[in-house]
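In what follows, a single structure is set out as structure tokens and then discussed.
The values are calculated or read from the model by the stated rules, or taken from the named source; none is laboratory data. Owing to the predicted nature of the structure, the values given are computational and were not obtained by experimental measurement. For neighbour counting, all protein chains shown are included, and Cβ atoms are generated from backbone atoms with ideal geometry for every residue, glycine included. Each accessible area value is taken on the protein alone, full model and side chains, heavy atoms only, with ligands, DNA and RNA left out. Shrake-Rupley method; radii C 1.70, N 1.55, O 1.52, S 1.80 Å.
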Amino acid sequence: MKLLRHGQAGAERPGLVHGDGSVRDLTGVVPDIAGAVLSDAGLAAIRAVDADVLPMVPPGTRLGPCVGGTGKFICIGLNYSDHAAETGAKVPPEPIIFMKATSAIVGPNDPIVIPRGSVKTDWEVELAVIIGTRAKYVSEADALKHVAGYAVTNDVSERAFQTERSGQWTKGKSCDNFGQLGPWLVTRDEVADPQNLDMWLTLNGQTMQKGSTRTMVYGVAHLVSYLSQFFTLHPGDVISTGTPPGVGLGMKPQRFLKAGEVVELGIAGLGQQRQVVIADA
Ligand code: ZN
């Protein structure tokens, strides 16, 4: 299933993509694409609904982030061997974890907003893992059972805030509109192998990133298990699993976003996003 949230920011309603490609409304069927709805039983209940009778959502309706109630947005740094190389960093001996503020999360086609004072706003196409059930001290063998599904995310990053302004990476990763998530959550039964997904990102139509989750250093099962050794993962938590090569930071000369530019990105089977870059007022 492809589950989504549609409507105005902050007032999104649940929905799904029907087999005929139309978006259907799940209002009244489930409260949100969040919480217990993300469990295997919750997803099975939606699957049992006859989508033909669900109301159509008008084409062009805004899509919000594909999951609600996200308590943690956990990101993994330098998790592609080829991306680590382009930034001049070594592959870390254990996953590098950092947090993105959940207030950064927006819909898949919402603009990228360059924050005040920024000159180094950059892009990162990533596979997002959405947790479906509580996970604590889970083994790698059991880890994927706790995953509701997968989505595309853009881990938008301000490199000067991230690495030149001292301290942790958080402030360079958490600006408003720095976490486009969607268009939809694809349930894990429809993703045969999360470690074999092609991914891409273009800037103004020109390819910047082209990669595959095959070159991920620490795979999804390992990451879910690993993180759950330190804290409990809850339904709706998002793990952004790192980016392949081709970010602006790694280019010679470096290349960062300007107002008016257009970023498009996608992952095979998970859909795509399109963002216009604007400057914050
Ligand atoms: Zn990232």
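At-a-glance table
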{"read-out": "Cα point-scatterer Debye curve for the range 1-155, base-10 log of I(q)/I(0) at q = 0.15, 0.16, 0.17 Å⁻¹", "value": "-0.93, -1.02, -1.11"}
{"read-out": "Computed accessible area, Lys136, all protein chains, 1.4 angstrom probe, square angstrom", "value": "100 Å²"}
{"read-out": "Sequence of Arg134, Arg13 from largest to smallest accessible area, 1.4 Å probe", "value": "Arg134, Arg13"}
{"read-out": "Segments 262-273, 119-130, 191-202 sorted - mean Cβ within 10 Å per residue, highest first", "value": "119-130, 262-273, 191-202"}
{"read-out": "Dimensionless Rg ratio for the range 76-214, taking C-alpha atoms and the 2.2 N^0.38 Å reference", "value": "1.09"}
{"read-out": "Vicinal HN-Hα couplings computed from phi for the range 81-96 (Karplus, 6.51 cos²θ - 1.76 cosθ + 1.60; Hz; Gly/Pro x)", "value": "4, 6, 6, 4, 4, 5, 8, x, 9, 7, 5, x, x, 9, x, 8"}
{"read-out": "Principal axis dimensions, largest first and in whole angstrom, of the chain by Cα", "value": "54, 43, 29"}
{"read-out": "Within the chain, helix-based [θ] at 222 nm, where runs of 4 or more DSSP H residues each add -39,500 (n - 2.57), nearest 500", "value": "-3000 deg cm²/dmol"}
{"read-out": "Amide H contacts of Arg255 (H built 1.01 Å from N, under 5 Å, at least 5 apart or other chain)", "value": "Leu249"}
